[in-house]
Amino acid sequence: MSNVNPLADLTSSNVVIVAGKGGVGKTTVTAVLARAAADAGQRVLVIELDGKRALAELLPDLDVRSISAADSLEEYLIEHGFKRTAKRLVSTGVIDVIGTAAPGIDDLVVLGNIKKLERSGEWDLIVVDGPAAGHAITFLTSASGLLDAVRGGPVRDQAQDVLEMLRDPERCRVLLVTLPETTPVNELIETSAALEVRVGVQLASLVVNQVDVADPLPEPGDVDFGRARAQVADALAAATFRRTRLAVQVAELDRLNSEVARPQIHLSARPVAGLSPDDIAALAEELTR
Amino acid sequence: MTFDPQRRVELRDVPGTTRNSLSEVVDGASVLVCCGSGGVGKTTTAAVIGLEAARGGRRVVVVTIDPARRLADALGLADGLTGEPQRVSVDEAPGSGELWAMMLDTPAMFERVVRANAPNAAQADRIVESRFFRNIAGALSGTQEYMASEALHELHDDERFDLVVVDTPPSRNALDFLDAPGVLTRFLEHRAFKLLMMPTRTGFRVLTVATQPILKAIGRVVGSDVLADAVAFFQAFAGMDVGFRQRAEAVTALLRADTTRFILVASPQRDTLAEAIWFADQLAGQGFSVHATVINRVHPRFGEGTVAEAASRAVAATKRGKFQLAAVWNNLAELRTIAAAERAELTPLLEQVAGSAVVEVPLLPSDVHDVVALDVLARHLFA
């Protein structure tokens, strides 16, 4: 990764869809990338899909939009000649039925909405905080799935347009997020294979969140505590704990490197239990180093 | 040198409540529902609770949604978890019970539900062999939750087991699971489907599609062939709604039973805690209570000292040019800082679930991937 400028690499497509297992910090990475790109002068739009308000709080000065399947479907219907009935279709729940008749259509209209924003040319970068754990693959395969299932009509056209965007690395990439731990790394390895094979979408560099960047700690037995007694046992236990976790981290980053041939970008762990806009700004600077 | 993370103490000191222990919650339960957002260790928690209950003499089955390979390895299931309960070997101590584990296979479970309700095999075949079945088995909103609740009911009735531990899908919405039993009945009762199912004079229902403006509209959007297939699929459900409704009522009754208990699982980050609070709130709104709260992956505090004490020793060591020593004290200060930040974040949740058994499980130095680590977790959960 030494030759890659992380920010340039991550902003090389118009749309970046951030995906990863629950708890790895997808929303954090979305915010960090948007912050870094905006600070570099790009016109950035942030899209969140699950109705959480976290991104607007982390990025108070950026354009953060929430896109829901129901709204997208309504918009889609209006655009396809159902001006008068769209509201009624939504309010009576017929929308749900459509979603069931053609599985994936709710995901497709959301992607179609993103595609429309991308085509508008109003933004240099659109960062999407992708759907929650496990749903990323079904979300992104909705277009190819519908292309198989639907033989004609507007849905098929929409699916084709979306697939074109997903498969063009200049227009769209998927950014996978993980943690330097065993289970999230396994998850990333599985997801990356599935995305490339089943969707044909290009992966951006991998982002490893919460990397412990501490200097290596000395072997606790080698440290001379002098005459100190109080809390020495605590300090030793803490050092052993940190060293073990660092060793796991090194091993997992190596394994990730050998299993997924993509550059890794590391974001450092911060000693807090919830990030503030200032933390996001500090992490964003790590992308421009 | 190992750290001693036996520090769950202050969590139990939220005033004004007497707390049960997790063992008491488990002992009185025939069903345990583990809920919470994704990535908080729900599956592992469910497995550890199951393991411990089996050691205590219960005949336990753990149903997980998450096809976690490492968990299967940790439980010694060489071929991974399957859609059928598999026996897991626990210590052959006297008085020890049994542990079984399975993974929810949503389409297979859906097929079983259809077959159990269909008046005859031919009608069941028509449904499950439809080209929509597999899509719909996975795509109908709430299907996974619905099948999890079905599995729960089926296993509860299974005489092999006296405790069912279920790990719910990683939904943000607790109601998805609680509403799940009624998913199919509500769907079949949906006005739009009533239209689809409406008998016509000719008896040829697909014709209805062409005559109903709404259906015509849907057909124009999704394609009329797709709609026709969907109509045929749902027509195959004709006459099965009574059975589904009765079943839904039975599952709902089980969820509301005295011996069904909810365990909320969370981790000490602000966003997951906010979701846990929301979850608990939703449960309460539906008249369910959280019987136990498990907070996973809490950074250990490493003693009773403060951040400032450790930091000042680091400064002193640096002044004397003892950089290795300074690094070790700095590390203690850093880890205590994280632990303190996490504890501050935990307070609102602990207030929300006052009255439930609260257990804090420390972040372990390495991932849980073998039975030894499961044992370590069990010691913390049931300390």
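The values are calculated or read from the model by the stated rules, or taken from the named source; none is laboratory data. Here the structure is a predicted model, which means the values were calculated and not measured. Ideal geometry is used to build each Cβ from the backbone, glycine not excepted, and the neighbour counts take in all protein chains shown.
If you go through the stretch B:29-45 and keep only what is surrounded by fewer than 24 Cβ atoms within 10 Å (Cβ to Cβ), in contact with a helix residue (DSSP H, G or I) (Cβ under 7 Å, 6 or more places away or on another chain) and of a type outside the set (S, T, Y), you end up with just B:V31. Based on this model, can you work out whether A:L275 counts as buried (at least 18 other Cβ atoms within 10 Å of the Cβ) and outside any helix (DSSP H, G or I)? It is true that A:L275 is buried (at least 18 other Cβ atoms within 10 Å of the Cβ) and outside any helix (DSSP H, G or I). The number of residues in the stretch B:360-376 that are part of a helix (DSSP H, G or I) and among the aliphatic types (A, V, I, L, M) comes to 5. Among the criteria (1) in contact with a strand residue (DSSP E or B) (Cβ under 7 Å, 6 or more places away or on another chain); (2) touching a residue at least 40 places away in the same chain (Cβ under 8 Å), the one A:S72 does not fulfil is (1). Evaluated against (1) at pLDDT below 95; (2) closer than 24 Å to B:D367 by Cβ, A:A230 falls short on exactly one condition, (2). Under the condition of being surrounded by 19 or more Cβ atoms within 10 Å (Cβ to Cβ) and among the small types (G, A, S), which residue from the stretch B:271-303 is farthest from the other protein chains (Cβ to nearest Cβ)? Per the stated criteria, the residue is B:A292. Of the numbered conditions (1) in contact with an Asp or Glu (Cβ under 9 Å, 6 or more places away or on another chain); (2) at the interface with chain A (Cβ under 8 Å from one of its Cβ atoms); (3) free of Cβ contacts under 8 Å to residues at least 24 places away in the same chain, B:D367 fails exactly one; give the number of that condition. For B:D367, the exception is condition (3). So, in the stretch A:144-170, exactly how many residues are touching a residue at least 40 places away in the same chain (Cβ under 8 Å), within 21 Å of the chain's Cα centre (by Cα) and either in a helix (DSSP H, G or I) or facing chain B (nearest Cβ under 9 Å) (or both)? Number of matching residues: 4. Where strands (runs of 3 or more DSSP E) fall wholly inside the stretch B:56-120, the ranges with 1 or more residues that are more than 14 Å from chain A (Cβ to nearest Cβ), free of Cβ contacts under 8 Å to residues at least 60 places away in the same chain and small (G, A, S) are B:98-103.
Conditions (1) surrounded by 18 or more Cβ atoms within 10 Å (Cβ to Cβ); (2) of a type in the set (G, A, S), marked per residue:
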{"position": "A:I189", "(1), (2)": "no, no"}
{"position": "A:Q202", "(1), (2)": "yes, no"}
{"position": "A:A214", "(1), (2)": "no, yes"}
{"position": "A:D234", "(1), (2)": "yes, no"}
{"position": "A:L256", "(1), (2)": "yes, no"}
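For the stretch A:104-114, the set of residues classified as free of Cβ contacts under 8 Å to residues at least 60 places away in the same chain and away from chain B (no Cβ under 14 Å) consists of A:L111, A:N113, listed by residue number.
Determine, yes or no, whether A:A54 is at the interface with chain B (Cβ under 10 Å from one of its Cβ atoms), touching a Ser or Thr at 6+ places or on another chain (Cβ under 8 Å) and at pLDDT 80 or above. Yes, satisfied. Just one of the listed residues (B:T337, B:T318, B:T347, B:T306) is touching a Pro at 6+ places or on another chain (Cβ under 7 Å) and surrounded by fewer than 18 Cβ atoms within 10 Å (Cβ to Cβ), and it is B:T337. Right, B:E345: under 29 Å from A:T244 (Cα atoms), touching a residue at least 60 places away in the same chain (Cβ under 8 Å) and in a helix (DSSP H, G or I) or not? Answer is yes for this residue. Taking residues in the stretch A:210-228 that are at the interface with another protein chain (Cβ under 7 Å from one of its Cβ atoms), and partners anywhere that are in a loop (DSSP other than H, G, I, E, B), the pairs with Cβ atoms closer than 8 Å and at least 6 places apart or on different chains are A:P220/B:M1; A:D224/B:K322.
Looking only at the stretch A:250-268, which residues are out of contact with any helix residue (DSSP H, G or I) (no Cβ under 7 Å at 6 or more places or on another chain) and either at pLDDT 95 or above or of a type in the set (S, T, Y) (or both)? Hits for the stretch A:250-268 are A:V250, A:A251, A:L253, A:D254, A:N257, A:S258, A:H266. Scanning the stretch A:176-184 for any residue that is buried (at least 21 other Cβ atoms within 10 Å of the Cβ) and facing another protein chain (nearest Cβ under 7 Å) turns up at least one such residue. Name, by its number, the condition in (1) free of Cβ contacts under 8 Å to residues at least 12 places away in the same chain; (2) of a type in the set (S, T, Y); (3) closer than 18 Å to B:L332 by Cα that does not hold for A:S258. Condition not satisfied by A:S258: (3). For the stretch A:106-139, the set of residues classified as surrounded by fewer than 22 Cβ atoms within 10 Å (Cβ to Cβ) and within 22 Å of A:G23 (Cβ to Cβ) consists of A:P131, A:A133, A:G134, A:H135, A:I137, A:T138, listed by residue number.
In the set (1) under 36 Å from the mean Cα position of the chain (by Cα); (2) in a helix (DSSP H, G or I), the condition left unmet by A:G221 is number (1). Within the stretch B:351-383, the residues that satisfy the criterion of being farther than 21 Å from A:T182 by Cβ and either surrounded by 21 or more Cβ atoms within 10 Å (Cβ to Cβ) or β-branched (V, I, T) (or both) are B:V353, B:S356, B:A357, B:V358, B:V359, B:E360.
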